[in-house]
Ligand code: SF4
């Protein structure tokens, strides 16, 4: 259900993740607000993207070297474009819905999206994937709104929407205190449950997907000085005109935070020292730098 938790996930959150977060806790030095001292303090000046820190699609990290040292432009493959356009769709729908607009035209949005981007490879196939997601999001958000309305008959529309759709989608963050770019966007932050969501489009789940919500939680803590203990990694797939959603809800504990810092330090050092880590053994066919490395 994209950003809405199922009944089982809600139980898992309340009975497992939150009690663990309270009992086990987080080491103080691994809270984002301690960005100015070890181990969070960045030692290199290079400001890199969250994707560069957390991505392990290239096992050696050569994609980061090519982006920041050799300044090679990435190729926009079909998979990359589908991911980018899906994120735009989520941003657009949630922004409109949070203004109380539920009657939205997919055709108008899609026409504008294509006009803005010029030629999009596989546009027809993409349209077939995105339309069911569009319908699904509108149905789900409207039902949440109507449910809130029936429970709070004296609330105003904006009060109802704040409760029914508590999601900041593509919320802007400044990662510079942690050595990241100053123009980050987190896919979604649920401000009622304090959960950071990251969305990946296509393929199987990978273990490093947990690094993305972890990194955004650290940035959030560094900026707002409030604890963020829960992350959720979402993988969206489009198959046979259906949207398949897999979610991984987890506690952002010390191990994940330490792993994220290790990755950030390794990638920042590679960029600062202009060190080419060499080619990976198995390059994924969808890699944006396949032509550069071959
Ligand atoms: S083509 Fe291979 S070596 Fe080059 S960036 Fe992609 S995965 Fe890494």
Residue check, residue 257 farther than 30 Å from residue 4 by Cα, more than 9 Å from the ligand (Cβ to nearest atom) and modelled with pLDDT of 95 or more: no
Per-region count, region 44-61, residues under 22 Å from the mean Cα position of the chain (by Cα) and within 11 Å of the ligand (Cβ to nearest atom): 6
Residue that is in a helix (DSSP H, G or I) and surrounded by fewer than 18 Cβ atoms within 10 Å (Cβ to Cβ), where the choices are 38, 29: 29
Residue match in region 73-86 (condition: without any contact (Cβ under 8 Å) to a residue 12 or more places away in the chain, surrounded by fewer than 16 Cβ atoms within 10 Å (Cβ to Cβ) and within 16 Å of the ligand (Cβ to nearest atom)): yes
Condition broken by residue 119, with the remaining ones in (1) modelled with pLDDT under 95; (2) surrounded by 11 or more Cβ atoms within 10 Å (Cβ to Cβ) satisfied: (2)
Lone qualifier among 104, 66 - being under 25 Å from residue 136 (Cβ atoms) and either away from the ligand (no atom under 16 Å from the Cβ) or crowded, with 17+ Cβ neighbours inside 10 Å (or both): 104
Sole exception among (1) outside any helix (DSSP H, G or I); (2) touching a residue at least 12 places away in the same chain (Cβ under 8 Å); (3) within 23 Å of the chain's Cα centre (by Cα) for residue 64, by number: (1)
Where a residue in region 244-268 is without any contact (Cβ under 8 Å) to a residue 12 or more places away in the chain and its partner, wherever it lies, is surrounded by 14 or more Cβ atoms within 10 Å (Cβ to Cβ), with Cβ under 7 Å and at least six apart: 244/237
Within region 233-243, tally of residues that are free of Cβ contacts under 8 Å to residues at least 40 places away in the same chain and buried (at least 20 other Cβ atoms within 10 Å of the Cβ): 1
Those strands (runs of 3 or more DSSP E) lying entirely in region 102-204 with at least 1 residues touching a helix residue (DSSP H, G or I) at 6+ places or on another chain (Cβ under 6 Å) and free of Cβ contacts under 8 Å to residues at least 40 places away in the same chain: 184-190, 195-201
Top-ranked residue in region 269-285 [being closer than 21 Å to residue 49 by Cα and more than 9 Å from the ligand (Cβ to nearest atom); ranked as surrounded by the most Cβ atoms within 10 Å (Cβ to Cβ)]: 270
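The values are calculated or read from the model by the stated rules, or taken from the named source; none is laboratory data. Only a predicted model underlies this, so the values are computations on that prediction, with no experimental measurement involved. In this analysis, Cβ positions are derived from the backbone assuming ideal geometry, glycine residues included, and neighbour counts consider all displayed protein chains.
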